Amino acid sequence: MDYIIFVLFVLISWGLLFRATKREKRLLGGISAVLGVGFIIGSQIVKLQSGFFTGQSTESSEAVGEWVLPGTVLLGVYLLIAINYRWIRLALTKTAGVKWTFIALDVLFSIAYLFFGYFLLFIIAFLYFPFAP
């Protein structure tokens, strides 16, 4: 699951860099590169140290989950901030009526993003942590 999260994060972050200024590309691209590489390398180190690759046990899965869950939250918060930054920056270049339409769409998108983010956290928690007694 951490590979899927990493690939989605890279694709969305890369998409946010289109039509960005050089300064924004360096800032947004640099932060996303550090977060993405730190997330995937950290999850692989935790998998290696917990014995996740040698035998699939509950303890190793929980150790990986304790790394992947906060990492997913961090990547998700960064993406939400980056998306909101890009949309509000786009809205500020438009006329007054269109500006408030873009800002309203941004608020609706943020609410939907948070809803699906909570759902994704439930799925990740269900995959890595045992709920049954």
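Observations on the model:
- Top-ranked residue in the stretch 70-79 [being surrounded by fewer than 17 Cβ atoms within 10 Å (Cβ to Cβ) and closer than 19 Å to I41 by Cβ; ranked as farthest from the chain's Cα centre (by Cα)]: P70
- Residues (among the aromatic types (F, W, Y) and surrounded by 13 or more Cβ atoms within 10 Å (Cβ to Cβ)) located in the stretch 85-133: Y85, W87, F102, F109, Y113, Y128, F129
- Selection within the stretch 50-69 - exposed (fewer than 12 other Cβ atoms within 10 Å of the Cβ) and either among the aromatic types (F, W, Y) or assigned to a helix (DSSP H, G or I) (or both): F53, T58, E59
- Residue in the stretch 16-32 that is part of a helix (DSSP H, G or I), over 12 Å from the mean Cα position of the chain (by Cα) and under 30 Å from P130 (Cα atoms) present: no
- Residue satisfying condition, being under 15 Å from the mean Cα position of the chain (by Cα), part of a helix (DSSP H, G or I) and touching a residue at least 40 places away in the same chain (Cβ under 8 Å), within set A82, A125: A82
- G76 vs. criteria in contact with a Phe, Trp or Tyr (Cβ under 6 Å, 6 or more places away or on another chain) and closer than 21 Å to G29 by Cα: no
All of the numbers you see were taken from the coordinates with simple rules; none came from a lab. Nothing here was measured: the structure is a model prediction, and the numbers come from that model. Neighbour counts are summed over all protein chains in view; Cβ atoms, including those assigned to glycine, are modelled from backbone coordinates with ideal geometry.
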